[in-house]
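Okay, structure first, notes after.
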Amino acid sequence: MGQAQLFTSLQVGSLLLRNRIIIAPMCQYSAEDGCATDWHVIHLGHLALSGAALLTLEATAVTPEGRISARDLGLWSDENERALARTLDSVRRWSDMPIAIQLAHAGRKASTRVPWEGGAQIPPHESDGWQTVAPTAVPFTPGTNPPIALDRAGLAHVRDAFAVAATRAARLGLDGVQIHAAHGYLLHQFLSPLSNQRDDEYGGTLENRMRFPLEVFDAVRAAFPAERPVTVRVSGTDWATDGWDIEQTLAFAQALEQRGCGGIHVSSGGLTPAQQIPLGPSYQVPLARRVKAAVNIPVVAVGLINDFDQAEAIIATGDADCIALARAILYDPRWPWHAAAHFGATVRAPNQYLRSQPARYRNLFEPPTRGQT
């Protein structure tokens with residue numbers, strides 16, 4: 001068997017990916033006032049031992065009102081930065097896996113209960129609730145408290161908050177930043193005509209609807225070290241009539257590439273309860289394939305990628321440059337080990353676990369690393 005493409009390396013700016021497996025950002029709803037807790041040490045620590053090429057921190061709010069829930073991670077304050085620094089120090093002591101962060105603002109989908117409490121929106125007058133903002137004063141769910149449409153000062157505040165968070169991410173030594181412009185959150189709300197009904201230069205035409213997300217990208221790119229990549233997560237389609245679609249996504253991806261974007265992570269949906277998603281294995285891969293054909297920067301595919309051969313086919317056929325795992329790697333935190341064993345490839349493992357290598361996979365683990373304490 002030849003070398004599996006899933007276990008080839010990829011250089012993205014100063015970031016070397018040892019293989020093509022990325023751990024996608026996954027909200028944990030376990031922060032306190034935006035600050036990382038012991039849960040994040042446990043959660044991120046064990047994922048950092050998985051053998052994947054890159055660990056992406058969960059959607060991290062750039063302002064308090066940009067959180068999905070009151071338990072979301074944030075990076076708007078010195079306290080947030082100190083707490084995350086402690087977490088990263090703990091993880092990095094035992095793992096050299098590169099770590100990126102997803103910066104986000106939830107817009108009209110903010111102020112909600114955590115998923116295991118139903119996920120419903122919390123009105124501003126209730127505990128753990130606040131007034132949401134959006135491009136237009138149209139709520140995500142009919143009958144809920146409407147957001148306030150952002151005025152020019154509000155737009156500047158959000159844009160600057162993304163830049164400040166990117167500066168904090170740089171100080172923390174994070175290897176990359178991903179801007180969240182998917183899943184119906186604020187930047188996606190500007191992109192989609194279903195949620196953006198503005199009549200100024202930030203609404204109407206595709207060029208206008210892309211304007212604010214591109215301004216945010218430019219601000220983040222300017223604030224983060226030039227050699228480290230800034231990527232963007234997009235929803236390739238709203239899966240809804242008259243909404244954001246793949247053709248508009250291609251135009252957005254090309255505009256991002258022209259501005260120095262390091263890669264595009266292609267997901268879908270999340271903008272409207274009216275979405276009709278054709279769920280199934282690799283259901284979002286055709287969207288990634290279209291984006292990859294339109295740009296010359298790395299493209300990441302995600303969504304119901306669970307099988308090793310399925311993941312290999314996505315890379316080997318050129319549908320995407322990397323695959324991202326979320327729920328699959330929560331269920332099986334050693335998914336990259338098992339994939340490497342399946343293909344006869346090698347994978348990084350901590351020295352403390354090297355003796356766990358099954359005899360039938362004699363060369364599964366890379367040679368021991370030096371210098372870790």
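Give the average over all directions of the projected area of the C-alpha convex hull of the stretch 281-336, one decimal, in nm².
Values: hull surface 14.3 nm².
For the stretch 281-336, the mean projected area of the Cα convex hull comes to 3.6 nm².
Expressed as an acute angle from 0 to 90° and rounded to the nearest 10, what is the orientation of the C-alpha long axis of helix 38-47 relative to the principal long axis of the chain?
The answer is roughly 50 degrees.
Give the angle, between 0 and 90 degrees and rounded to the nearest 10, that separates the Cα long axis of helix 246-258 from the longest principal axis of the Cα atoms of the chain.
70
Hey, what did the stretch 94-155 get for relative contact order, percent, Cα under 8 Å, at least 6 apart? Present the calculation step by step, with values, prior to reporting the outcome.
Details: 76 pairs, mean separation 15.4, N = 62.
Reported relative contact order: 25 percent.
If r is the Cβ-Cβ distance from Leu304 to Tyr353 and R0 is 41 Å, what FRET efficiency results, to the nearest 0.05?
Calculated transfer efficiency: 0.90.
Between exposed trypsin sites (Lys or Arg not before Pro) in the chain, where DSSP calls loop and at most 15 other Cβ atoms lie within 10 Å, what's the longest gap? Each step should come with its number before you reach the end.
Details: sites that count: Arg259, Arg360, Arg362, Arg370.
For trypsin sites (Lys or Arg not before Pro) (loop position, at most 15 other Cβ atoms within 10 Å), the longest site-free span of the chain is 1-258.
Pick out which of Asp72, Asp321, Asp128 has the largest mean-square fluctuation in a Gaussian network model of the chain, springs linking Cα atoms closer than 10 Å.
With Cα springs under 10 Å in the chain, the top fluctuation among Asp72, Asp321, Asp128 is at Asp128.
Size of the stretch 99-205 along its principal axes in angstrom, Cα-based, largest extent first?
Dimensions of the stretch 99-205 along the principal axes of its Cα atoms: 43, 39, 22 Å.
Taking the mean number of other Cβ atoms within 10 Å as a proxy for protection, how do you rank 134-146, 27-39 from highest to lowest?
Values: 134-146: 16.8, 27-39: 18.5.
The most tightly packed comes first, giving 27-39, 134-146.
Need one word for the stretch 252-347: rounded, prolate or oblate. Basis is the Cα gyration tensor (sqrt eigenvalues a ≥ b ≥ c); a/c below 1.5 gives rounded, then a/b vs b/c decides. The partial results should precede the final answer.
Details: a/c = 2.09, a/b = 1.32, b/c = 1.59.
Oblate shape, in that a/c is at least 1.5 and b/c is the bigger or equal ratio.
Given the -39500 (n - 2.57) contribution per DSSP H run of 4+ residues, what per-residue ellipticity at 222 nm results for the chain, rounded to the nearest 500 deg cm²/dmol? Before the final figure, lay out each step's value.
Working: 10 runs with 117 residues, N = 373.
The helix-only estimate for the chain comes to -9500 deg cm²/dmol at 222 nm.
Project the alpha carbons of the stretch 152-227 onto their principal axes and report the range along each, largest first, in whole Å.
So the three principal-axis extents are 39, 25, 17 Å.
How high is the relative contact order of the stretch 5-356, given as a whole-number percent (alpha carbon pairs under 8 Å, six or more residues apart)? Please report the intermediate quantities before stating the final value.
Values: 779 pairs, mean separation 57.9, N = 352.
RCO, the stretch 5-356: 16 percent.
Distance between the C-alpha centers of the stretch 212-275 and the stretch 7-24? Whole Å please.
Cα centres, the stretch 212-275 to the stretch 7-24: 20 Å.
Could you bin all the Cα-Cα distances of the stretch 255-297 into 10 Å bins starting at 0 and give me the percent of pairs in each, rounded to whole numbers?
24, 43, 28, 5
With only alpha-carbon atoms in the gyration tensor, what are the semi-axes of the equivalent ellipsoid for the stretch 178-309, in Å, largest first?
Details: eigenvalues 96, 83, 26 Å².
Working from the Cα gyration tensor, I get semi-axes of 22, 20, 11 Å.
Tell me the angle of helix 78-94 to the major Cα principal axis of the chain, expressed in degrees between 0 and 90 and rounded to the nearest ten.
Its long axis makes an angle of about 20 degrees.
What are the semi-axes of the equivalent ellipsoid of the stretch 5-356, taken as the square roots of 5 times the eigenvalues of the Cα gyration tensor, listed largest first and rounded to whole Å? Show your work: numbers first, answer last.
Details: eigenvalues 185, 109, 72 Å².
Equivalent ellipsoid of the stretch 5-356: 30, 23, 19 Å, largest first.
Express as a percent, rounded to the nearest 5, the fraction of DSSP beta bridges in the chain (both residues included) that run antiparallel. Don't jump to the answer; show the numbers that get you there.
Details: 5 of 40 bridges.
DSSP beta bridges in the chain are roughly 10 percent antiparallel.
Every read-out reported here was derived from the displayed coordinates using simple, explicitly stated rules and does not represent laboratory data. Computed from a predicted structure; not experimentally measured. Note that we place each Cβ from the backbone using ideal geometry, even for glycine, and neighbour counts take in every protein chain shown.
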